[in-house]
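S.K.: Take this structure, written in structure tokens, and hold onto it; I'll ask about it next.
The values are calculated or read from the model by the stated rules, or taken from the named source; none is laboratory data. Please read all numbers here as calculations on a predicted model, not as lab measurements. Cβ sites come from the backbone with ideal geometry, for glycine too, and all protein chains shown count toward neighbours.
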Amino acid sequence: MAPDNVPQFRPVGELQSDSAMRDIVAELADMERQGLRRRRLVLDSAQGVRVRVAGCDYLSFCSNDYLGLAADPRIAAAAADSMRSAGLGAGASHLVSGHHRMHEDLERALATYVGMPRALLFSSGYLANLAVVTVLAGRSREVFADRLNHASLNDAMILSRARCKRYAHCDSGALESQLARSAAANKIVITDAVFSMDGDVAPLSEIARLCERYQAWLVVDDAHGFGVLGEHGSGTLAHFGLDYPRIAYVGTLGKAAGVSGAFVAGHEQLVELLIQRARAYIYTTASPPPLAAALIKSIEIMQAEDWRRQRLNALAQRITNRLALRRWRLHASQTAIQPLIVGENSEALALSEILAASGILVPAIRPPTVPRGTARLRISLSAAHTDADVDLLIETLHRAESSLS
């Protein structure tokens with residue numbers, strides 16, 4: 001018997017005649033018909049290349065745990081040790097009383113790691129992008145964005161209320177054309193560094209040159225390059241050897257770093273402005289201090305263990321060299337993201353189900369995450385995968401192609 005003060009909701013079936021809910025029910029049904037409705041996997045194990053879902057064990061190729069650090073016992077121990085002294089919750093925003101010494105130490109470590117004057121910690125990459133774009137852009141400014149940028153950059157661009165233009169994917173010529181025609185006094189170029197669904201890398205050297213020529217800020221979202229590219233994993237800017245002062249560099253800490261959160265790094269004055277003006281920073285409770293302690297350990301490991309990046313490169317080369325399919329196309333990528341373009345939603349779902357029946361987990365990625373007609377399996381490699389793991393995936397895909405032909 002429910003307590004009297006607990007609201008009682010009507011059964012789903014009764015919603016069909018409720019005008020306030022009818023559109024929601026219809027929209028969900030339409031998603032189902034188009035093969036676009038998504039369902040969450042519930043893990044009963046630690047994150048890794050072998051996971052347990054709903055009582056079944058799988059070989060996983062769908063995590064962003066590129067360096068295999070998500071369940072590293074050294075990182076977990078650092079978090080546990082700090083919890084004993086600092087507790088768990090931060091209790092307040094950074095600008096009230098939630099900024100712990102561990103947060104401060106982490107920001108210094110991140111700035112040193114990526115070779116920038118200062119870094120600012122955020123609870124997620126989405127918040128970090130929202131903060132930096134909305135602070136740099138505004139009504140009198142103009143934003144130029146790669147057409148395949150992550151949703152967080154797109155949303156930030158819209159919320160900034162700046163004039164927005166999109167240029168063809170990774171096309172620096174198209175970007176230059178737009179910059180040359182712009183009469184805006186303040187310009188901001190925003191781009192992913194490694195594109196999350198295609199695995200390709202933005203031509204950052206050319207883009208930085210254009211930004212310098214047209215006096216534009218450059219916002220780089222390095223969610224999938226931080227920890228993976230550059231010397232000791234210090235990121236895509238290091239990979240290209242860029243040293244442009246008007247760069248706002250965004251790194252994610254829940255992917256290669258194996259923990260959670262994100263940061264913005266850049267000029268001292270840029271970071272100070274974000275602290276003073278970024279609503280996504282000011283009005284958010286600070287992340288738990290033990291996560292900062294875990295990330296300090298993670299950075300130490302990422303810098304010291306270059307074999308993890310070497311392993312990733314070798315696995316990416318292995319799948320590129322050995323996967324030979326006629327029905328589907330492996331998108332050219334030299335990164336840990338290896339997209340297999342299938343096309344139709346229904347076929348991508350069917351292929352994912354065939355792999356799952358063989359004990360391999362690679363969920364189908366469908367619109368609106370990717371353009372219509374380019375549904376795919378986003379194969380994500382980890383340094384924890386073995387050659388045998390990748391070979392098993394390749395063999396299973398070859399068999400699946402034969403069964404669906």
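S.K.: Determine whether region 156-163 contains at least one residue that is free of Cβ contacts under 8 Å to residues at least 40 places away in the same chain and within 30 Å of residue 89 (Cα to Cα). Working first, answer last.
M.R.: Just the residues of region 156-163 that are free of Cβ contacts under 8 Å to residues at least 40 places away in the same chain, to begin with: 156-163.
Those still in the list that are within 30 Å of residue 89 (Cα to Cα) too: 156, 159.
The answer is yes; a qualifying residue exists.
S.K.: Something else about it: If you take the residues in region 205-224 that are under 18 Å from the mean Cα position of the chain (by Cα) and free of Cβ contacts under 8 Å to residues at least 40 places away in the same chain, which one is nearest to residue 380 (Cα to Cα)?
M.R.: The residue in question is 222.
S.K.: Could you go through region 92-115 and let me know if any residue there is in the same structural domain as residue 371 (by TED's automatic domain parsing), more than 16 Å from residue 296 (Cβ to Cβ) and of a type in the set (Gly, Ala, Ser).
M.R.: No, region 92-115 contains no residue that is in the same structural domain as residue 371 (by TED's automatic domain parsing), more than 16 Å from residue 296 (Cβ to Cβ) and of a type in the set (Gly, Ala, Ser).
S.K.: Same structure again: Just one of 198, 222, 192 is charged (D, E, K, R), at pLDDT below 95 and within 30 Å of residue 260 (Cβ to Cβ); which is it?
M.R.: Working: 222 fails: at pLDDT below 95; 192 fails: at pLDDT below 95.
Residue meeting the stated conditions: 198.
S.K.: Residue under question is residue 380, and the condition is that it be among the hydroxyl-bearing types (Ser, Thr, Tyr) and crowded, with 21+ Cβ neighbours inside 10 Å; does it hold?
M.R.: Considered against the rule, which asks whether it is among the hydroxyl-bearing types (Ser, Thr, Tyr) and crowded, with 21+ Cβ neighbours inside 10 Å, residue 380 comes out as yes.
S.K.: Could you say whether any residue in region 331-348 is out of contact with any Gly (no Cβ under 8 Å at 6 or more places or on another chain), of a type in the set (Asp, Glu), surrounded by fewer than 16 Cβ atoms within 10 Å (Cβ to Cβ) and assigned to a helix (DSSP H, G or I)?
M.R.: no
S.K.: Right, another one. Evaluate the following for residue 291: is it modelled with pLDDT of 95 or more, within 22 Å of the chain's Cα centre (by Cα), assigned to a helix (DSSP H, G or I) and closer than 19 Å to residue 152 by Cβ?
M.R.: Here the answer is no, as residue 291 does not meet what is asked.
S.K.: Taking region 128-178 on its own, how many of its residues are within 20 Å of residue 368 (Cβ to Cβ) and of a type in the set (Asp, Glu)?
M.R.: 2
S.K.: From (1) closer than 29 Å to residue 41 by Cα; (2) at pLDDT 95 or above, pick out the condition that doesn't hold for residue 95.
M.R.: Every listed condition holds for residue 95 apart from (1).
S.K.: Here is a follow-up. Tell me which residues, restricted to region 358-393, are within 25 Å of the chain's Cα centre (by Cα), assigned to a helix (DSSP H, G or I) and of a type in the set (A, V, I, L, M).
M.R.: 390, 393 - these are the residues of region 358-393 that are within 25 Å of the chain's Cα centre (by Cα), assigned to a helix (DSSP H, G or I) and of a type in the set (A, V, I, L, M).
S.K.: Separate question: Quick test of your reading of the structure: residue 300 fulfils all but one of (1) surrounded by 19 or more Cβ atoms within 10 Å (Cβ to Cβ); (2) assigned by TED's automatic domain parsing to the domain that holds residue 86; (3) under 20 Å from residue 233 (Cβ atoms). Name the failing condition by number.
M.R.: (1)
S.K.: For a quick check of your reading of the model, give me the residue pairs whose first member lies in region 332-344 and is in the same structural domain as residue 314 (by TED's automatic domain parsing), whose second is aromatic (Phe, Trp, Tyr), with beta-carbon atoms closer than 7 Å and at least 6 apart or on different chains.
M.R.: Cβ pairs passing all conditions: 336/66; 340/328; 341/328; 342/328.
S.K.: Any idea which of 159, 237, 175 is at pLDDT 95 or above, within 22 Å of residue 130 (Cβ to Cβ) and assigned by TED's automatic domain parsing to the domain that holds residue 251? Before the answer, list the steps.
M.R.: On the way: 159 fails: at pLDDT 95 or above; 175 fails: within 22 Å of residue 130 (Cβ to Cβ).
Of the residues listed, the single one that is at pLDDT 95 or above, within 22 Å of residue 130 (Cβ to Cβ) and assigned by TED's automatic domain parsing to the domain that holds residue 251 is 237.
S.K.: Examine region 339-353 for a residue that is within 22 Å of residue 203 (Cα to Cα) and in contact with a Lys or Arg (Cβ under 8 Å, 6 or more places away or on another chain), and state whether such a residue exists.
M.R.: The answer is yes; a qualifying residue exists.
S.K.: Taking residue 385 and the conditions (1) at pLDDT below 90; (2) touching a Gly at 6+ places or on another chain (Cβ under 9 Å), which numbered condition does it fall short on, given that it satisfies the others?
M.R.: (1)
S.K.: Starting from residues that are within 20 Å of the chain's Cα centre (by Cα) and small (Gly, Ala, Ser), keep the ones in region 263-285 and report whichever is nearest to residue 235 (Cα to Cα).
M.R.: Looking at residues that are within 20 Å of the chain's Cα centre (by Cα) and small (Gly, Ala, Ser), I get 265.
S.K.: Across region 169-204, what is the number of residues that are of a type in the set (D, E, K, R), closer than 20 Å to residue 270 by Cβ and more than 24 Å from the chain's Cα centre (by Cα)?
M.R.: 1
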